[in-house]
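The values are calculated or read from the model by the stated rules, or taken from the named source; none is laboratory data. As the structure is a prediction and not an experimental result, all values here were calculated from the model. Here the Cβ positions follow ideal geometry from the backbone for every residue, glycine too, while neighbour counts run over all protein chains shown. These accessible areas exclude ligands, DNA and RNA; they are computed on the full protein's heavy atoms, side chains included. Shrake-Rupley method; radii C 1.70, N 1.55, O 1.52, S 1.80 Å.
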Amino acid sequence: MNKKRIAIIGGGNMGMALARGILKTDWALPENMMIAEPLKEKLGAVKDLAKGIKASHSNLEAARWGDVILLSIKPQIMGHVLEEIKHEVNDKKLILSVAAGITTSFIEKKLDGNVPVVRAMPNIAAVVRESATAICEGKFATKADLEVARHIFESVGIVVDVEEDLMDAVTGLSGTGPMYVFQILEGLSDAGVKVGLSRDTANILAVQTLIGSSKLIKETKEHPAKLKDLVTSPGGTAISALHSLERNGLKALLIDAVEVAAKRSAELGSTKKD
Ligand SMILES: NC(=O)c1ccc[n+]([C@@H]2O[C@H](COP(=O)([O-])OP(=O)(O)OC[C@H]3O[C@@H](n4cnc5c(N)ncnc54)[C@H](OP(=O)(O)O)[C@@H]3O)[C@@H](O)[C@H]2O)c1
């Protein structure tokens, strides 16, 4: 059982998803968790998460109370919040940030002293504990700090380690990734309706097809191209559909989208308020 107090600053989509995931494991007790939100009206939702959880409208209180301070605020206000909490933070605390584009060195510079920082990029599937999260450490973080971060993010899915200069790429691929999948699923569902299925049936079939195909790749560890070959029989339906996807540039569209999202992540890092 973890004895560290976890303070989450920013109880929005990601902050609450992470809190829910962490509380579903037996690693952290609600008594050891606080969520800080500026709006008092939002604190009710925090208290509803679990009996004993602490809700605060003060970032200062959260930073003072927590051993691990998880920053789940928008990149644009990161500089402001770090300025606000810096006198409550020291090298005995661990800062975790999930903010797109914000580097560990930016956070370290804003805080006084050799404060350990770990940067993470989860995705919204953390809500159902199926996030794909990448983590990397700042220059003052130890192996033990990285393990604490790994434990937290493993409570909501899988975790991979990457070098920090790849974090914008991760943001473009898996951080933003659920949006691509939602778009693809919406398209497949519309397609099902176009060829005569009811909306409900089309949704159920499209979602399960995605889950099943993903599971097949995960379990067999085969390259997607090899599995694609398995389902494209000569003269069959799949090769005709594949021709249409290739003609319309599906893969190029996905590559463009990931690239543009990665660039936007880097931009958010360079345009945030100092
Ligand atoms: N959502 C995703 O899919 C996703 C994926 C990966 C990473 N992230 C990262 O997660 C972070 C949070 O994103 P999100 O989607 O959870 O955004 P969000 O839903 O807008 O959550 C941000 C929360 O921070 C609160 N907040 C605003 N000003 C604050 C302040 N000064 N001090 C403390 N809290 C403050 C907001 O409250 P109000 O609403 O009252 O302003 C809101 O509840 C971002 O940095 C994002 O890059 C998000």
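Points worth noting:
- Whole-percent carbon and sulfur share, accessible surface of the chain, 1.4 Å: 59
- Region 177-266: proportion of alpha-carbon pairs further apart than 19 angstrom, %: 54
- Cα-derived Rg over Rh, computed across region 1-126 with Rh taken as Kirkwood radius: 0.93
- Computed with a 1.4 Å probe on the full set of protein chains, the accessible area for Val231 sits at about 100 Å².
- Ranked by the mean number of other Cβ atoms within 10 Å per residue, highest first, peptides 235-245, 159-169, 56-66 order as 56-66, 159-169, 235-245.
- Largest-first principal axis extents of the Cα set of the chain (Å): 68, 38, 32
- Computed packing ranks the peptides 46-53, 73-80 as 73-80, 46-53, most packed first, by mean other Cβ atoms within 10 Å.
- Calculated [θ] (222 nm, deg cm²/dmol) that DSSP helices of n ≥ 4 give over the chain, each run adding -39,500 (n - 2.57): -15500 deg cm²/dmol
- Nearest-ten-degree value, helix 250-271 long axis tilted from longest Cα axis of the chain: 10
- Under the Karplus curve 6.51 cos²θ - 1.76 cosθ + 1.60, θ = phi - 60°, whole-Hz ³J(HN,Hα) for region 9-24, x wherever Gly or Pro sits: 9, x, x, x, 4, 6, x, 6, 4, 5, 4, 4, x, 4, 6, 6
- Charge sum, other residues only, whose C-beta stays under 10 Å from Arg119's C-beta, Lys/Arg counted +1 and Asp/Glu -1: -2
- Cα centroid of region 223-261 to Cα centroid of region 154-193, whole Å: 18
- For the chain, the solvent-accessible area of protein heavy atoms averages 56 Å² per residue (probe radius 1.4 Å; ligands and nucleic acids excluded).
- For region 150-201, the fraction of alpha-carbon pairs in successive 10 Å shells from zero, as %: 21, 31, 23, 19, 6
- The distance from the alpha carbon centre of region 2-69 to that of region 86-103 is 16 Å, rounded to a whole number.
- Of all DSSP beta bridges in the chain, antiparallel share, percent nearest 5: 15
- Ranking by accessible area, most exposed first, for Ile255, Ile69 with a 1.4 Å probe: Ile255, Ile69
- Annotation: peptides 203-209, 21-27, ranked by per-residue average of other Cβ atoms within 10 Å with the highest first, follow the order 21-27, 203-209.
- Straight-line cross-link reach from Lys194 at under 13 Å between alpha-carbon atoms covers these aspartates and glutamates, not counting any fewer than eight positions away in the same chain: Glu186.
- Each DSSP beta bridge with both residues in region 107-199 is either parallel or antiparallel, and the antiparallel ones are about 45%.
- When only the Cβ of Lys, Arg, Asp and Glu is charged (+1, +1, -1, -1), the dipole of the chain relative to its Cα centre reaches about 460 debye.
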